[in-house]
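Down below is the structure, laid out as structure tokens.
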Amino acid sequence: MIKEGQVRIPSGCAISGILNRKGKRFSGDTIIKSIELMHDRSNGLGGGFAGYGIYPEFADLYALHLFYDDMGAKANVDEFIEHHFEIEKAEVIPTKKSKEIPTSPLIWRYFVYPRKKRLDKSGLDEQEYMAQFVFKINDGFKGAYVFSSGKNMGAFKGVGFPEDIGRFFKLDTYNAYLWTSHGRFPTNTPGWWGGAHPFTLLNWSVVHNGEISSYDANRRFVEMFGYKCTLMTDTEVITYLFDLLVRKHGMSLKEAVNVVAAPFWREIELLSDEEKQKFEAIRGVYGSALVNGPFSVILGYEGGMLALNDRIKLRSLVAAEKDEMLYVASEEAAIRIVCENPDRIWAPRGGEPIIGLVEDN
Amino acid sequence: MKKVYADEKWCLGCGLCKVYCRTSHSQTLDIIKAHKLESPRPVERLHIETGDKVNFALQCRHCDDPKCVQACITGAMQKDPETGLVLNETERCVGCWTCVLACPFGAIVRDEGSKKVAAKCDLCAAMGEPECVKHCPNNALKYEDRGESL
Amino acid sequence: MSLQLGWPDYLVERDENRCIQCEVCAKQCANEVHKLDPDTGKMVADEAKCVNCHRCVALCPTRALKIRVNDLEFKPNANWTSNSIKEIYKQAATGSVLLSGMGNPKPFPIYWDKMLINASQVTNPSIDPLREPMETGVMLGRKPAKLEFDKNGKLLTKMPPQIKLSVPLMFSAMSFGSISRNAHEALARAATELGILYNTGEGGLAKEFYQYGQNTIVQVASGRFGVHAEYLNTGAMLEIKIGQGAKPGIGGHLPGEKVGEQVSMARMIPQGSDAISPAPHHDIYSIEDLRQLIYSLKEATNYTKPVSVKIAAVHNAPAIASGIARAGADVIAIDGFRGGTGAAPQRVRDNVGIPIELALAAVDQRLREESIRHEVSLVVAGSIRSSADVVKAIALGADACYIGSSALLAIGCHMCQTCYTGKCNWGIATQRDDLVKRLNPDVATQRLVNLVNAWHHEIDEMLGGMGINAIESLRGNRLMLRGLGLNQKELDVLGIKHAGE
């Protein structure tokens, strides 16, 4: 049976995201409640969460989360990590076995910082150094997979219904100012722990409902810039596109959205001359970064979250606000279960982003 | 009034207009029978001027002041006041060929079949659109109203 | 020599029950095959002169004619086929190079016909092109590696010159000389009406066509026919022709019979002289020389127009393409071994060059590996026969396709492959006034517009079926293709999986 990474598995799903714009942290059981309501959108073959602000005591260190098939795989990776990073702490991620999650790979986390001499020698900046490291492990080390690599944030995911995964990882014991979550309905069995969402790179996390028809065009574009799409999931390529546009090409989130969900030519025709020229250039230069096909995504990063639908809104997405809280989810009910009376609740238009920012950022 | 105009730029002198003109004025209206079976063979009502560089098909211009009508000794040749068509009423025609001589375009031909009569283009009055225009392979014939009077 | 070892390739069959002796066939055959025998009153045919162009068949009002391949047979021999034997007889009789027109007719594999296209179902809805926007517009030209904006979101990066097409199609280079003035007028007018471009080929550009300049690609080929400052500045894009798919490694050939007054003026050569283009450009012996020419052309047009370089698909096309991109070209046009021509030595046309499908896949992959794919747009040619071929070409990585043979077929060509004689009965590949007249540009323009519109609608349908509503999402999207009956090596070169995977 071939796994993710060897074959591309499309899936339908559920997503949810909750942000406290004042940066106040709250427990993971809120997000579990939200995603649990959308149980029927998953089929038990994948679920996951991302939390931001969960490691305040190690806020300046990179928190690496890894899956290992066995201790032999771990030994190889340990040596590699040791070589490249100073390790502040390394431990098994605490989990609670249950009948819903009977087996799991080895799950470890390391709080690390790049070794100065190696970093200087590489000529890369710290983030690129970490990104390259993650690609090397995922592409080159058998039986090991880095599934989270950001600072003061972490992804928790696996094969099972999301609420069961959430309880497995004891997310009620973590507090974060931003939680995103995903439940998966892959059209193939079995799922693989690494294949669940969210997909992360550095501080980016992406949960995604949909299937990208433009996947291979996007992948071959993004691979020109040094990214390796090892998982062959649509989510992976979306994450890399945002990383490329925002981190490497210096765009703002809004500008990146202009690329990824660019307006139709007939809309561009109606703009002012200056705007028309700008969007023509965007579609010409970044045509291969246009994401085509149904999708609703929630992109999380340390500064907040971005929720977005494809241009012709082929997937559901609902948003709501109450005081400093911002909610987005695949269904209104998944918001109302954690926030009965929001100040405002609405369905964003296709291609129109919902951006929630943490205030002090 | 709509008339047939030949564009000498595109006429190839192929002669298909003649073939279809004969067919549309035949008994059977079938192209093979008209040419191989019917006796006498129907006569075409246009002729093609061919040259080295230029060809064109010429048929009756349905003039406003038709010389053939003036020349006709029996009154068989008439211009229909409503449609503008110049037509020959074959019962009255005696085959004297005066109209043939009178026409400045040489557009009238002698039909020496069962009864000797003058024959000319009738814009395929019965068919709707003139057959020569319909079947020209190179768009060299046009059926349009150019507001001309002749 | 009076002993003819060969015999006519074709037989002219006339149904005497249908023939009405209208003589249209005789009047319309430039090869003088038919004539009315005054003694018998019947039409007769000299089939030795027949080239199977079907002019008489198409014009016969009673459909009395049929042209058949002469079934006179040698003893069956899978190695020494009828054609290979007759070609030897011909060369023994004449001592000449065998010439032919249009593209390679040999039964080499056609990869377009071994690739299948995806459709979306269930997990991804297909899109209905009748009710939703379906975008097929493309921009050809060099693109910057990234765009920069100021803090107010205003665009700072200056874009290099781009060509905008309404559909990913353009009319291929066919020189004035190889085809008639009327054919050029039809291509120019159709390109203008459709919002695409046509290509002058290496024959220069007559002044009366300058009005279509915005939809014209002006070509600079090795013979430099008709190249002067005004010519260069009239076009929307300039194209340096290094080679063409029908005859890689050799230059263009226009026999003196086809060089009349108009051709002479457009090409700036004496009437009646053979126009033989040199094999290489004599100022391009290496890649740096090409760079020099590209920039000379850009200087001459003030950097306002993109410059394309057209090459034939040969064995090391990927390396050559990489060099061309780095030499400053904005567009690379690759012409596969099935490409058409007005005249080429038959052996070169049938045996030199490689299929465009493989060349395209290899070039696209190589440019991506070198991270320079964005520096050029790729246009492919060499037998694009339908909208399905276009969709497959784009999925393999092309930005747009050139169509040559398809365009000529649309305006009347019957693929008799005798263009080099200059006696094209359809008025296309000829300079004889009486034959050129047979191609009425009003009619031909409409037919070209119809063809491209039809393909446009078909492309919309296929895109929508794949769940895509913008053609840039199909470009290089190899997962939308599957191979059928291809071996692993072919699948690897094309970069696609086999059907069922």
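Computed over the alpha-carbon pairs of region A:147-234, the distance histogram in 10 Å steps reads 14, 45, 31, 9, 0 percent, short to long.
222 nm [θ] for chain C, helices only, -39500 (n - 2.57) per DSSP H run of 4+, per residue, to 500? Kindly include the intermediate steps, with their values, before the conclusion.
Values: 15 runs with 146 residues, N = 501.
Mean residue ellipticity at 222 nm (helix-derived): -8500 deg cm²/dmol.
Distant-in-sequence amide contacts of A:F295, defined by a placed amide H-H separation under 5 Å and a gap of 5 or more residues or a different chain, comprise A:D310, A:L314, A:R315. Rounded to the nearest 20 debye, the dipole size of the protein assembly as shown about its Cα centre is 1320 debye, using +1 on the Cβ of Lys and Arg and -1 on the Cβ of Asp and Glu. For region A:110-184, the set of chymotrypsin sites (Phe, Trp or Tyr not before Pro) satisfying both a DSSP loop assignment and a count of at most 11 other C-beta atoms within 10 Å is empty. Once you put a point 7 Å from the Cα of C:Y89 and another 7 Å from the Cα of C:E32, both along the Cβ direction, what distance in nm separates them? Result for the modelled spin labels: 2.3 nm. Dipole magnitude for region A:1-143: about 360 debye, using +1 per Lys or Arg Cβ and -1 per Asp or Glu Cβ, origin at the Cα centre. FRET efficiency for the pair C:K164 and A:K136, taken as 1/(1 + (r/R0)^6) with r the Cβ-Cβ distance and R0 = 35 Å, rounds to 0.25. In terms of other Cβ atoms within 10 Å, B:V133, C:V348 run from fewest to most in the order C:V348, B:V133. Karplus-based coupling profile of region A:161-176, in residue order and whole Hz: 5, x, 5, 5, 5, x, 6, 4, 8, 6, 5, 5, 8, 10, 10, 9, with θ = phi - 60° in 6.51 cos²θ - 1.76 cosθ + 1.60 and x standing for Gly or Pro. For region B:46-125, the set of trypsin sites (Lys or Arg not before Pro) satisfying both a DSSP loop assignment and a count of at most 15 other C-beta atoms within 10 Å is given as B:K53, B:R92, B:K115.
Given 10 °C and 1.306 mPa s, how large is the Stokes-Einstein diffusion coefficient of region C:10-96 in µm²/s, with Rh as the Kirkwood radius over Cα pairs? Don't jump to the answer; show the numbers that get you there.
Working: Rh = 14.7 Å.
Here the translational diffusion coefficient equals 108 µm²/s.
How much of the pair distance distribution for region C:15-66 lies past 17 Å, counting alpha-carbon pairs only, in percent? Numbers along the way, then the final one.
Numbers: 327 of 1326 pairs.
Considering region C:15-66, 25 percent of its Cα-Cα pairs are separated by more than 17 Å.
Along region A:73-82 the Karplus relation, 6.51 cos²θ - 1.76 cosθ + 1.60 evaluated at θ = phi - 60°, assigns HN-Hα couplings of 4, 4, 4, 4, 5, 3, 4, 5, 5, 3 Hz to successive residues, with x for each Gly and Pro.
Quick one: grab the alpha carbon gyration tensor of region C:348-472, order the square roots of its eigenvalues as a ≥ b ≥ c, and give me rounded if a/c is under 1.5, else prolate or oblate depending on whether a/b is larger than b/c. Present the calculation step by step, with values, prior to reporting the outcome.
On the way: a/c = 2.91, a/b = 1.60, b/c = 1.82.
Oblate, because a/c is 1.5 or more while a/b does not exceed b/c.
Taking other Cβ atoms within 10 Å as a rough exposure proxy, C:S387, A:S149 sort from fewest to most as C:S387, A:S149. The overall shape of chain C is prolate: from the C-alpha gyration tensor, with semi-axes ordered a ≥ b ≥ c, the ratio a/c is 1.5 or greater and a/b exceeds b/c.
Straight-line cross-link reach from B:K142 at under 23 Å between alpha-carbon atoms covers these lysines, not counting any fewer than eight positions away in the same chain: B:K2, B:K3, B:K9, B:K18, B:K53, B:K79, B:K120, B:K134, C:K27, C:K437. Here r is the Cβ-Cβ distance between A:D70 and A:K322 and R0 is 51 Å; the resulting FRET efficiency, rounded to 0.05, is 0.65.
Counting only the backbone N, which residues of region A:142-170 are under 18 Å from the spot 7 Å out from the Cα of A:A90 toward its beta-carbon? Once the point is set 7 Å along Cα→Cβ of A:A90, A:142-150 turn out to lie under 18 Å by backbone N, inside region A:142-170.
Which whole-number percent gives the relative contact order of region B:61-120, counting Cα pairs below 8 Å spaced six or more residues apart? List each step's numbers first, then the result.
Details: 92 pairs, mean separation 17.4, N = 60.
It rounds to 29 percent for region B:61-120.
Rounding to the nearest 20 debye, state how big the charge dipole of region C:10-96 is about its Cα centre with +1 on each Lys and Arg Cβ and -1 on each Asp and Glu Cβ. Working shown, then result.
Values: 13 positive and 12 negative charges, 48 e Å.
I would put it at about 240 debye.
In percent, rounded to a whole number, the relative contact order of chain B is 32, using alpha-carbon pairs under 8 Å and six or more apart.
For A:F26, the residues whose modelled amide H falls within less than 5 Å of its own, excluding neighbours fewer than 5 places apart on the same chain, are A:A176, A:Y177. Using alpha carbons only, the radius of gyration of region B:61-120 set against its Kirkwood radius gives Rg/Rh = 0.93.
Between C:N70 and C:M268, what FRET efficiency follows from the Cβ-Cβ distance if R0 is 60 Å, with the result rounded to 0.05? The formula returns an efficiency of 0.85 here.
Relative contact order of chain C, please, whole-number percent, based on alpha carbon pairs below 8 angstrom and at least 6 residues apart. Computed value for chain C: 19 percent relative contact order. With neighbour counts taken as other beta-carbon atoms within 10 Å, the residues C:D399, B:D145, B:D30 rank, fewest first, as B:D145, B:D30, C:D399.
For the protein assembly as shown, what does the alpha-carbon gyration tensor say about shape, rounded, prolate or oblate, given a ≥ b ≥ c as the root eigenvalues, a/c under 1.5 as rounded, and a/b over b/c as prolate? Please list the in-between numbers first.
Numbers: a/c = 2.73, a/b = 2.15, b/c = 1.27.
Because a/c hits 1.5 or more and a/b exceeds b/c, the protein assembly as shown counts as prolate.
Report the antiparallel proportion of the DSSP beta bridges in chain C as a percent, rounded to a multiple of 5. Intermediate results must be reported in sequence, preceding the final value.
On the way: 20 of 50 bridges.
Around 40 percent of the beta bridges assigned by DSSP in chain C are antiparallel ones.
Between A:K157 and A:F49, the built amide H atoms are under 5 Å apart, and every one of these is 5 or more places off in sequence or on another chain. Couplings 3J(HN,Hα) of region C:276-282, computed from phi: 10, 7, x, 5, x, 6, 6 Hz, in residue order, whole Hz [Karplus 6.51 cos²θ - 1.76 cosθ + 1.60, θ = phi - 60°; x for Gly and Pro].
Read-outs: derived from the displayed coordinates by stated rules, not from any lab. Computed from a predicted structure; not experimentally measured. All Cβ positions, even for glycine, are placed from backbone atoms using ideal geometry, and neighbour counts span all protein chains on display.
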